[in-house]
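Following: one structure in structure tokens, then a few remarks.
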Amino acid sequence: MELLAILLFFSIFLLILYGYPVSITLGGISVIYALCFLEPVTFNALPLRIFGTMQNFVLLAVPLFIFMGIMLEKSKLAENMLETMSMLFGQMRGGLAISVVVVGALLAASTGIVGATVVTMGLISLPVMLKRGYKTELATGVIASSGTLGQIIPPSVVLVLLASRLNVSVGDLFKAALIPSALLVLLYVIYILIIAKVKPQWAPAMPAAEIKAFRQSEYFWRRVIGAFLLPLILILAVLGSIFAGIATPTEAAAIGALGAMILTYFAPRFMPNNQDKTSGLNLTVIRQVGEETMHLTCMVFLILLGATTFTFVFRSMGGDTFLVNLINESNLSPGMFLLLVMVVVFIAGFFIDFIEIIFIIVPVVLPVFIELEMNLLWIGILLALNLQTSFLSPPFGFSLFYLKGVAPPEVTTGHLYRGIVPFVAIQLVFLGVAAFWPDLVLGWVGE
């Protein structure tokens, strides 16, 4: 029976790789295995599991954060941030690339939706960077890596889903992600500064006359306030309310959704091309945001229901007990088991999305982590960093596909692959540092 549970896992994994819908595969194959190999009375507990999942108050944060991210995308706040930031940092070599990293971090802390961030920055900043003489590989690498910061910087949908699967506090996982995410952004900036110093022709400065004209413009302070103050207010409202203990992550997500609507209303007033200062919030925008939120939320929760069924059947067959006994009998150390899981997650990230990895692989290995008495907050951050790395890795990195879809024709797939290699190396090294130095993750939360 235990071997059948392992066969169930690999059957689902192979069918997903073959292209079958994830939610239907997870739930359908699990039910077929249960009908064939388990007692019918076992199904009596499945509806309770499903209702328990749907009544999970923490998971309500998922549609709220998705709504917040899509609403901010419609506000064109990202466009204003990129244009303003590039002028502020433009006088230094590599300044335009640094501005992309900073905006990527701010968008990640405001939205947490990777695809939208990569596409937005690719459409706005890539043509500008190429026009300014930036090396194509550097420009694409900076945009793709900065766009995936939404995987690790809170409030992140990835962290919310990881917390639900690992049975840890979302707020604590957000706290644990603060220092690693800030250090990762700093490493990106340091790399750009080094490249700009060693290869100045790869990252030229913007013309001084253009920067001077911008700073003397009547719109200067309005654009700076719109680019910095508005998103910072939203970030402080969401994360500050969580860390101060004023609101739960779900309540903070509701604050963020409301705040995003307010920002969308006021954001056009800080854009110089909007002379009549009209609001960016209207019934058309609300309808579009609502529809996109509904589509993404339904996708996530359909997969979640299928994953709940899979986890129930897998454990009913004794798959979790089999894995724990296998690790104990093989005398595999906690460190070696963690390395094995990280390699599997990294490779799986080439082929399937982070949602499937969280819902398929994490429940399978969780009992072993608990048996080995490993800190689950630390494991959650390592998994998030790993998922972010696999999101970038050639040949199947999802961020690369997003960027290729909006890149100019002269930007080839080869440019994308070569450009992302240094940033993947930075993330892998940082992942190793976080694995060998748990205090880097746990020091902030006092674990």
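No value in this document is a laboratory result; all are computed from the given coordinates. Because the structure is a prediction, the values reported are computed rather than measured. Neighbour counts run over all protein chains shown; Cβ positions are idealised from the backbone, glycine included.
Note the direction-averaged projected area, equal to a quarter of the hull surface, for the Cα convex hull of the range 78-192, in nm².
Working: hull surface 27.3 nm².
Projected area, direction-averaged: 6.8 nm².
If I take every Cα pair under 8 Å that is 6 or more residues apart in the range 2-442, average their sequence separation and divide by the length, what percent do I get for the relative contact order?
On the way: 636 pairs, mean separation 119.1, N = 441.
Computed value for the range 2-442: 27 percent relative contact order.
Please list, in order, the residues from the range 128-155 whose amide nitrogen is less than 17 Å from a point placed 7 Å along the Cα→Cβ vector of L183.
Answer for this model: 152-154.
Hey, rough spin-label estimate for L17 and H295, points 7 angstrom out along Cα→Cβ, what's it come to in nanometres?
In this crude label model, L17 to H295 measures out at 2.9 nm.
Of the listed pairs K199/K404; K197/K404; K76/K212; K76/K135; K131/K404; K135/K404, which have alpha-carbon separations greater than 21 Å here?
Working: K199/K404 25 Å; K197/K404 28 Å; K76/K212 25 Å; K76/K135 27 Å; K131/K404 17 Å; K135/K404 16 Å.
The pairs that break the limit, which is 21 Å between Cα atoms, are K199/K404; K197/K404; K76/K212; K76/K135.
What is the log10 of I(q)/I(0) for the range 293-447, computed with the Debye formula using one identical point scatterer on each Cα and no solvent, at q = 0.12, 0.13 Å⁻¹?
For the requested q values the scattering log ratios are -0.64, -0.74.
How are the C-alpha pair distances of the range 2-442 spread across 20 Å bins, as whole percents from the shortest bin up?
25, 55, 18, 2
Where does the Debye-calculated log10 I(q)/I(0) of the range 1-74 sit at q = 0.16 Å⁻¹, using only Cα point scatterers of equal weight, no solvent?
-0.80
Per DSSP helix of 4 or more residues, -39500 (n - 2.57); summed, then divided by the residues of the chain. What does that give at 222 nm, rounded to the nearest 500? Mind dumping the intermediate values first?
Values: 22 runs with 323 residues, N = 447.
The helix contribution divided over the chain gives -23500 deg cm²/dmol.
Would you list, by chain and number, the lysines whose Cα falls below 21 Å from the Cα of K175, excluding same-chain residues fewer than 8 positions away?
K175 reaches no qualifying lysines.
Efficiency by 1/(1 + (r/R0)^6): what FRET value for F43 and I246, r their Cβ-Cβ distance, R0 = 45 Å, to the nearest 0.05?
Numbers: r = 43 Å, r/R0 = 0.95.
Between F43 and I246 the formula returns 0.60.
Please identify the helices of the chain, taking whole runs of DSSP H, that span at least 27 Å along their own axis as judged from the Cα atoms and have a mean Kyte-Doolittle score of -0.5 or higher.
Those that pass (Cα extent of 27 Å or more, hydropathy at least -0.5) are 170-198, 283-316, 413-436.
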